[in-house]
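Take a look at the structure below.
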Amino acid sequence: MITAMPPEESGRSSYLPRKRHLENPSEEQSKRSRLYQNANVIPHGWLDCPRFGHEIGPIIPSKVPLSESYNDHLPPDKRYTFKQLLTNNKRNKLGLVIDLTNTTRYYNPSTELLRREGIEYVKIRCSGRDSVPDNVSVNTFVHEVNQFERRNFSKKSVLVHCTHGHNRTGFMVVHYLMRSNTLMSVTQALKTFYDARPPGIYKSDYIDALYSFYHETKPESAVCPQTPEWKRSEENESLSVSLSPCVPLVIKKMSNDDVLGDEIPYGQEKCYQEFCYEMLNIKIEGRSSSLQFPGSHPVSLDREGFQLLRRRYYYATWKADGTRYMMLLTREGCYLIDRKFRFRRVQMRFPCKPHEAKVHDYTLLDGEMVVDNFLDGQGKPRQARRYLVYDMVAVNGESLADRPFSERWSVIDREVIRPRNDEKKVTKGYRYEMEPFGVRIKAFCLLSSVEKKVFNELIPSLSHDSDGIILQGWDEPYVYQRNQALLKWKFLDTIDFLFEVGRDGRYMLWTDD
């Protein structure tokens, strides 16, 4: 249940160390005095800023409603409180308020009418100067709106506000539109917000960050609206510096230890974890049980493994020295799943077949992330991150776990890889080269040709390290966690072991033997 956040006494003072209060009481008193004086200062441009815009789906974009304590400082016709909002907008009854301001001085959600009216309140702090909202805040915003829509049987509205209801609010609304309407472009989403709340987003760095985040080319016709008259001041806002997290300022050398993607809300992660278990037909024992990474793990090749190779039909591929990830593709985004069963969102595009005009929704892949090192056409060293897909658990919500590997592998190529490659050849607006990594299907060969194909051809041609081979049963189902029929053989200069600290403090190494 979402509850109102407790009010803070002031912006930062509650986080100051107690020692500082004692050492310099005059400074603290001065700060409190300034905060008290500014408590009812009207935000610049707020008076003449329109109160709210038209609905965009469930969302009503708005400037911040001020507490009634501001009324003495406002002309009657300029007042805008939650009491007025709820009285004048009964037709669009509110069910949720999302507050994007970076302060708590404008109103106290605990003392307003929100709680009495049964209106949920979510605070997502976003700075309004010199930076766009960070990716984690965006993920939280979209999740909150989507969750509200799913449980909103009475079709109530969501009031979204920053200070003026344009830049931060518009930025979040455009993200919501892009993830809800997968065929919508950034230009179309910006126009939708502009029509609902003129003049829309009027900070150029916000607009540029949206095109960059969604890997789209900004058209020449896309012109940033002028700053509204009610917001213009001696401050030259055109000099604002873009600090968008989407644009790297320093080229960093890639490694397998790099953390990719952005965190997502716990509730969203929990739902995705349960979906993975459902696709693998794994029963969850109790609500509070800790869910484990469900990916299939190979076992070392031993005598029993050799017996399997003789009795069953096996294919082989190289074992890449990379990072293991499962990957969930949904309409709302693409999520890397690490061995800790944590999900992080990356901005990728996975179209279905062209005639279907949609993207993958609840497709679950298995693979590994590698960093390829190579020389470009001019002989300069280059790096490229690539995700090698070697298995599939589900396609668009349909489980394939019980299907033979041969069928799952062909579905990867037919439903995931080919549509991406085909769209790359014809698309103009979306720039696949801006994605954080490429995606390829991993090649397999007959076990009888493993020496020629894998050891003599594939491994020597790799741009990343390999530490052995994987032997995959061609007719085998997908088995979660330890899979006795999925075999690995590692080069003699490598060894698998378990490091354990005993109860008595002793260090112990356990090998497969």
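Throughout, read-outs are computed from the coordinates displayed, never taken from laboratory work. Quick caveat: nothing in here was measured; it's all calculated off a predicted structure. Every residue, glycine among them, receives a Cβ derived from its backbone with ideal geometry; neighbour counts consider all protein chains shown.
Using label points projected 7 Å from each Cα along Cα→Cβ, tell me how many nm separate GLU304 and ASN40, to one decimal. Between GLU304 and ASN40, the simple spin-label model gives 7.8 nm. The residues packed around ILE124, meaning those with a beta-carbon under 12 Å from its beta-carbon, carry a net charge of 0 if Lys and Arg are +1 and Asp and Glu are -1. When the P(r) is computed for the range 91-139, the part past 14 Å accounts for 57% of the Cα-Cα pairs.
With 0.36 nm allotted per residue and the present C-alpha distance subtracted, the PHE153-ASP257 stretch has 33.0 nm of extension available. Where a ≥ b ≥ c are the square roots of the eigenvalues of the C-alpha gyration tensor, would you call the range 274-390 rounded, which needs a/c under 1.5, or, failing that, prolate if a/b is larger than b/c, or oblate? In terms of gyration-tensor shape, oblate. For the range 300-402, the set of trypsin sites (Lys or Arg not before Pro) satisfying both a DSSP loop assignment and a count of at most 10 other C-beta atoms within 10 Å is given as LYS340. Here the calculated FRET efficiency for ALA384 and LEU113, from their Cβ-Cβ distance with R0 = 60 Å, stands at 0.65, rounded to the nearest 0.05. Against the empirical 2.2 N^0.38 Å (N residues), the range 264-304 has a Cα radius of gyration ratio of 1.54. Quick one: work out the % antiparallel among DSSP beta bridges in the range 262-511, nearest 5. Close to 85 percent. When peptides 52-58, 158-164, 71-77 are sorted by average Cβ neighbour count within 10 Å, with the highest value leading, the order is 158-164, 52-58, 71-77. Please list, by residue number, everything in the range 337-357 whose backbone N is under 14 Å from a paramagnetic label point 7 Å out along Cα→Cβ of GLU278. Taking a point 7 Å out along Cα→Cβ of GLU278, no residue of the range 337-357 has its backbone N under 14 Å. Over all projection directions, the Cα-based convex hull of the range 287-344 averages an area of 7.0 nm².
Calculated from the alpha-carbon coordinates, the range 313-356 shows an Rg and a Dmax of 14.3, 39 Å respectively. Past 25 Å, Cα to Cα: identify those pairs from LYS353/LYS442; LYS425/LYS488; LYS123/LYS155; LYS270/LYS428; LYS218/LYS253; LYS93/LYS270, in the order given. In this structure, LYS425/LYS488; LYS270/LYS428; LYS218/LYS253; LYS93/LYS270 lie more than 25 Å apart at Cα. Calculated FRET efficiency, ARG440 to ARG339, Cβ-Cβ distance, R0 = 22 Å: about 0.55 to the nearest 0.05.
Which whole-number percent of Cα pairs in the range 262-511 have a distance greater than 29 Å? Here the tail beyond 29 Å accounts for 35 percent of pairs. Between SER406 and HIS73, residue separation times 0.36 nm minus the direct Cα-Cα distance comes to 112.6 nm.
Taking each residue as 0.36 nm, the span from TYR432 to LEU462 lengthens on full extension beyond its C-alpha to C-alpha distance by 8.5 nm.
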